[in-house]
Amino acid sequence: MPCPFHNPKNPTDPFREPRERDGVLVNNFQGKEIPLVLRHEDVRRVAKDWQTFSSDAPFKVPIPTEEDVRTVRQLPLEIDPPDQQAYREVVEPFFNRAKLPEVIAQMERLVDELVTAARERTSFEAVRDFAIPLQSRALAILLNVPDAEAAIWIGWGTHVFRDGNGTSKGAALEAYTNALLDRAAANPGDDLFSALTQTKFQGRPLTRQEMLGFCSIVFAGGRDTVINSITGILAHLAHTPADFEFLRADRKRIIGASEEFFRALSPVTHLARKCTRDTTVHGVSVPAGEFVTLCFSSANFDATVFDAPDEVKLDRRPNPHVAFGFGPHLCLGAAHARLIVRTLLNTLCDQVARIDVLEQTWKSETEPSYVRRLAAESLHVKFALR
């Protein structure tokens, strides 16, 4: 079915022409001319070549840079192998909890509770009243902390570092995280924050800066991306009821459909890498110490890899999307995001006959060289009962 997020006036994929013509698009980010790597093959190649395209660039892997909103290096995102893999192994056991039967059961109960509550309302705003609570409470399950803690996270809104006006919330987040780590150190339990205070890294305790670096990526890394995926899926099923029935007819289709939603929604547009030597990207010279950015969203619409990429094909095979990145920095939270989306789709098929959109507004990423539609700014919907 045509993707409801693809609109010629404000497309999800504004990179088609430069991707097909040049393979690269230079954009001015915060006063710096940075080339975006656009093609699927090139994005995967650069993502694997950490020796040339380094993530050892604190605050500057995300674009726009986050120097003004945090004081710690995000771990293991902003560091290269082999240390990157060693840091990853510190927190990987908690992210792998998404595969445990008891965690899957907890997620099913949570999603059932939220969908049931939404059904009982005349209508609801899906970002504020559904997606943010689901993401926050699902994270509490993953990290093995009490559900009550998620009430604080729900109050943060879509972004943990900036409010709706772009004002920094980074200092407040760091103060909250320090207090959380202090409590965990004084009274350790089985949660992630306690583990950070107790674990050994290369034979020594983690520094507080390292702990904060892990917490920063835990809270920020999958927040707006998961929230945007949830609302994007609701909007698609509302606008394309045939796809809803396609899933309902055979639940085995949900696994593949989830991957197609991640591809089509591409919640992360791009992440940067610092060049360790002078290099050239499709004719664009990049000196050592300067940046390129891997445009995952463009790669996910590369017509040399994906047939009819502007269409959402819930049975797309194969689907080598890079929505979770590629190479050593593959997203730690991928299994968790998959669990949330698969559980949501199953529950919607069980409980909801139809989704009606009453009102929606979109938010976009606006840059000098492109405008990309990201997700719903607000989405007022109604669940029709089965």
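The values are calculated or read from the model by the stated rules, or taken from the named source; none is laboratory data. Nothing here was measured: the structure is a model prediction, and the numbers come from that model. As a convention, Cβ positions derive from the backbone with ideal geometry for all residues, glycine included, and neighbour counts pool all protein chains shown.
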Taking only pairs six or more apart or across chains, which ones have beta-carbon atoms under 8 Å, a first residue in region 177-188 that is modelled with pLDDT of 95 or more, and a second residue that is among the β-branched types (Val, Ile, Thr) and assigned to a helix (DSSP H, G or I)?
Leu181/Thr197; Ala184/Thr197; Ala185/Thr197; Pro188/Thr197
Determine the pairs where a residue that is closer than 17 Å to Pro62 by Cα, located within region 291-314, has a partner that is among the hydroxyl-bearing types (Ser, Thr, Tyr) and buried (at least 22 other Cβ atoms within 10 Å of the Cβ) with Cβ atoms under 9 Å apart, the partner being 6 or more residues away or on another chain.
Phe296/Ser266; Ser297/Thr12; Ser297/Ser266; Ser298/Ser266
Looking at Ile233, Ile254 in this structure, which one is crowded, with 17+ Cβ neighbours inside 10 Å, in contact (Cβ under 8 Å) with a residue 12 or more places away in the chain, touching a Lys or Arg at 6+ places or on another chain (Cβ under 6 Å) and of a type in the set (Val, Ile, Thr)?
Ile254
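Considering region 78-136 alone, what residues qualify as being assigned to a helix (DSSP H, G or I) and among the polar types (S, T, N, Q)?
Gln84, Gln85, Asn96, Gln106, Thr116, Gln135, Ser136 - these are the residues of region 78-136 that are assigned to a helix (DSSP H, G or I) and among the polar types (S, T, N, Q).
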Which number in (1) of a type in the set (A, V, I, L, M); (2) out of contact with any helix residue (DSSP H, G or I) (no Cβ under 8 Å at 6 or more places or on another chain); (3) under 30 Å from Leu348 (Cβ atoms) marks the one condition that Ala172 misses?
(3)
Might you let me know whether region 323-331 holds any residue that is surrounded by fewer than 18 Cβ atoms within 10 Å (Cβ to Cβ), under 30 Å from His380 (Cβ atoms) and touching a residue at least 40 places away in the same chain (Cβ under 8 Å)?
no
Does Pro320 satisfy the condition of being under 21 Å from Ile233 (Cβ atoms) and in contact with an Asp or Glu (Cβ under 8 Å, 6 or more places away or on another chain)?
no
Being more than 17 Å from the chain's Cα centre (by Cα), surrounded by fewer than 21 Cβ atoms within 10 Å (Cβ to Cβ) and closer than 18 Å to Arg208 by Cα is the requirement here; does Asp56 meet it?
no
May I ask you to list the residues in region 66-91 that are closer than 21 Å to Arg277 by Cα and within 20 Å of the chain's Cα centre (by Cα)?
Leu77, Glu78, Ile79, Gln84
Selection from region 9-53 of residues under 20 Å from the mean Cα position of the chain (by Cα) and assigned to a strand (DSSP E or B) yields Leu36, Val37
How many residues does region 207-261 hold that are part of a helix (DSSP H, G or I), under 26 Å from Ala118 (Cα atoms) and β-branched (Val, Ile, Thr)?
8
Please name all residue pairs, on different chains or six or more residues apart, with Cβ atoms under 7 Å, provided the first residue is in region 59-84 and is of a type in the set (S, T, N, Q) and the second residue is surrounded by 21 or more Cβ atoms within 10 Å (Cβ to Cβ) and in a loop (DSSP other than H, G, I, E, B).
Gln84/Pro76
Please go through region 287-315 and give me each residue that is surrounded by fewer than 20 Cβ atoms within 10 Å (Cβ to Cβ) and in a strand (DSSP E or B), ordered by number.
Glu311
Working carefully through the options Ala118, Ala138, find the one that is in contact (Cβ under 8 Å) with a residue 12 or more places away in the chain and touching a strand residue (DSSP E or B) at 6+ places or on another chain (Cβ under 6 Å).
Ala118
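Here is a yes/no grid of residues against (1) more than 30 Å from Val145 (Cα to Cα); (2) out of contact with any Asp or Glu (no Cβ under 6 Å at 6 or more places or on another chain); (3) buried (at least 21 other Cβ atoms within 10 Å of the Cβ); (4) modelled with pLDDT of 95 or more:
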position	(1), (2), (3), (4)
Val61	no, no, yes, yes
Thr71	no, yes, no, no
Ile79	no, no, yes, yes
Arg88	no, yes, no, yes
Val91	no, yes, yes, yes
Do you know which residues across region 166-214 are closer than 16 Å to Arg70 by Cα, surrounded by 15 or more Cβ atoms within 10 Å (Cβ to Cβ) and hydrophobic (A, V, I, L, M, F, W, C)?
Leu173, Met211, Leu212, Phe214
